[in-house]
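Laboratory data are not the source of any read-out in this text; all were calculated from the coordinates shown. Predicted, not measured: the structure shown is a model, and the values here were computed from it.
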């Protein structure tokens, strides 16, 4: 089981979201903790992160570090990949 850690910027992104979207993301991240690579897509632009989860119209950008999922960014799919 992996432990999920949010960076300060990811927590800020998360708090900006609507409450029902926050709940959906929380449920999915709990599900993904058992085997994150089974649900993840590897990113080609490593500047923003190594992997992403797709949760509806939202994306969660993250890196893996041993038994930790380090969430770097959370946002709508149209905005998430822009710097």
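Cα centroid separation, the range 8-24 to the range 30-52: 18 Å. Our estimate of slack between residue 38 and residue 82, defined as 0.36 nm per intervening residue step minus the Cα-Cα distance, is 13.3 nm. With semi-axes √(5λ) of the Cα gyration tensor in Å defined as stated, name the option among (i) 17, 15, 12; (ii) 31, 15, 8; (iii) 22, 13, 10 computed from the structure displayed. Evaluating semi-axes √(5λ) of the Cα gyration tensor in Å on these atoms matches (i). Its DSSP H runs of at least 4 residues, each contributing -39,500 (n - 2.57), put the calculated 222 nm mean residue ellipticity of the chain at -9000 deg cm²/dmol, to the nearest 500.
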